[in-house]
């Protein structure tokens, strides 16, 4: 029986599959916590293959990209595209982010996409989750760099939820745990009797509404985990008070 590699690799798009007639710059893919990577170029119909593909690298997601040296690539970047082909290029560099750039020589007309396959994941913070989103407007952010409308990237769950709520982007998938490590051991704080949703399962809006309804001061809590922790701590404090009253003389 063959071994399954589905849970041993992670695949991210740098250039989503599309019909293109102009130069296109891919989204940076984060290689943090991975010790192996390859770039996969998948080409469909080609009316004119005058596109060259260049793999670039950077220490910063949104800026500072330069062409990867040939010594750090296992394979040759295509100078033109051929219909119905798949090209795999290994990456041996040490930068955190890589992306693909398709340069149109002036007459290019082809359908293609470029993905990055990440492997040999290292153990990391299993509590941190990410969400893949599509930007609905331009974002300039120190953490994620400059992301134009239509770009696709993986954001930390809390950042993504805030951006989605603000209308800056839309989710393309449910939050997922980053690979590596064992699942975190969690404790569930049960809600007071009569509540339909446990605190751990509430959205940001539900948490805020719950806090207002139960007169819980959120203080400076702003992110979902901060709000949830504040609510859970207050519920625990109230339970302790009830227990003390119930055992008093």
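Could you grab me the full set of residues in the stretch 136-153 that are surrounded by 12 or more Cβ atoms within 10 Å (Cβ to Cβ), in contact (Cβ under 8 Å) with a residue 24 or more places away in the chain and in a loop (DSSP other than H, G, I, E, B)?
Within the stretch 136-153, 136, 137, 144, 151 meet the criteria.
Select from the stretch 208-228 the residues that are part of a helix (DSSP H, G or I) and over 16 Å from residue 157 (Cα atoms) and write down the one among them that is nearest to the chain's Cα centre (by Cα).
Quick first cut of the stretch 208-228, residues part of a helix (DSSP H, G or I) only: 208-213, 224-228.
Next cut, over 16 Å from residue 157 (Cα atoms) only: 208-213.
Details: 208: 26, 209: 28, 210: 29, 211: 30, 212: 32, 213: 34 Å.
Of everything passing the filter in the stretch 208-228, 208 is nearest to the chain's Cα centre (by Cα).
Can you report the number of residues in the stretch 116-130 which are at pLDDT 85 or above and either crowded, with 20+ Cβ neighbours inside 10 Å or farther than 23 Å from residue 93 by Cα (or both)? Spell out the reasoning first.
Here is the first cut: in the stretch 116-130, the ones at pLDDT 85 or above are 116-120.
So of that shortlist, the ones also either crowded, with 20+ Cβ neighbours inside 10 Å or farther than 23 Å from residue 93 by Cα (or both) come out as 116, 118.
The qualifying residues number 2.
Would you point out the residue of the stretch 26-52, among those that are assigned to a loop (DSSP other than H, G, I, E, B) and crowded, with 16+ Cβ neighbours inside 10 Å, that is modelled with the lowest pLDDT? Before the answer, list the steps.
The initial filter retains those residues of the stretch 26-52 that are assigned to a loop (DSSP other than H, G, I, E, B), namely 26-28, 31-33, 49-50.
If we keep only those that are crowded, with 16+ Cβ neighbours inside 10 Å too, we end up with 26-28, 31, 33, 49-50.
Details: 26: 95, 27: 94, 28: 94, 31: 93, 33: 85, 49: 94, 50: 95.
Looking at residues that are assigned to a loop (DSSP other than H, G, I, E, B) and crowded, with 16+ Cβ neighbours inside 10 Å, I get 33.
The values are calculated or read from the model by the stated rules, or taken from the named source; none is laboratory data. Here the structure is a predicted model, which means the values were calculated and not measured. Cβ coordinates were reconstructed from backbone atoms using ideal geometry, including for glycine residues, and neighbour counts include every protein chain displayed.
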